[in-house]
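S.K.: Here you go, one structure.
Derivation of every value follows stated rules applied to the coordinates shown; laboratory data play no part. All values derive from a computational prediction rather than experimental measurement. With ideal geometry, Cβ positions are generated from the backbone for all residues, glycine too; neighbour counts draw on all protein chains shown.
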Amino acid sequence: MAKNSFWDNLEKQGLAKAKELAENTSKELEEQAIKQTIGFYKEYNPRFYKRHPNEGTEDSGLARSIEPIVKSENHGRGYVGGIRISTKHMYADYNGTPFQVLSSYLDGFHGLPTFGNYLQDIPSTTKFRQLENYRDVIIKRFK
């Protein structure tokens, strides 16, 4: 009986540590994504389109679209941490739909190409791709 409780305790500690690492990873990715989003707006000038008043801040529609997530995997025997980027918490009063705004950001555009008022991000790597690269660095820590 003592042997099983040792392994049960060891498993419980391992799962607690896995959950902690997943939560920390999720928070770190969220912070980096918000930083990238704010940078997306601060780095480009002149403005070719009317922005939402909060763009370029932590309360921007794009920054609000970033949600940390921690999910239980493998029937509760592991955890993963990350972020979800969706239109759920974005403002509804954009020049275009929240989905169009999010899509243009992911593609590296300022403004909406469909309206002809946009500027493509000059760097070959978009902020979203930079975030993916950052994610890959985090993953390497665990290998």
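S.K.: Sort Lys140, Lys127 so the one with the fewest other Cβ atoms within 10 Å of its own Cβ comes first. Walk me through the intermediate numbers first.
M.R.: Values: Lys140 8, Lys127 22.
Result, fewest neighbours first: Lys140, Lys127.
S.K.: By count of other Cβ within 10 Å, fewest leading, how are Glu67, Glu30, Glu55 ordered? All intermediate terms of the calculation are to be shown ahead of the outcome.
M.R.: Details: Glu67 15, Glu30 19, Glu55 22.
Starting with the residue having the fewest Cβ neighbours, the order is Glu67, Glu30, Glu55.
S.K.: Could I ask something else about it? Can you compute the modelled spin-label distance between Lys19 and Ser5, with each label point 7 Å from Cα toward Cβ, in nm?
M.R.: 2.2 nm
S.K.: Which net charge results for the neighbourhood of Gly76, defined as the other residues with beta-carbon distances under 12 angstrom from its beta-carbon, given Lys and Arg at +1 and Asp and Glu at -1? It would help to have the intermediate numbers written out before the result.
M.R.: On the way: positive: Lys12, Lys19, Lys71, Arg77; negative: Glu11, Glu73.
Around Gly76, the charge tally is +2.
S.K.: Could you check the simple spin-label distance between Lys143 and His75, using points 7 Å along Cα→Cβ, in nm with one decimal?
M.R.: Output for this residue pair reads 2.9 nm.
S.K.: Give me, ordered by chain and number, the residues 5 or more places off Ile83 or on other chains with an amide H under 5 Å from its own placed amide H.
M.R.: Ile69
S.K.: Let me ask something else. Take His75, His89 and order them by how many other Cβ atoms sit within 10 Å, fewest up front.
M.R.: Ranked by crowding around the Cβ, least crowded first: His75, His89.
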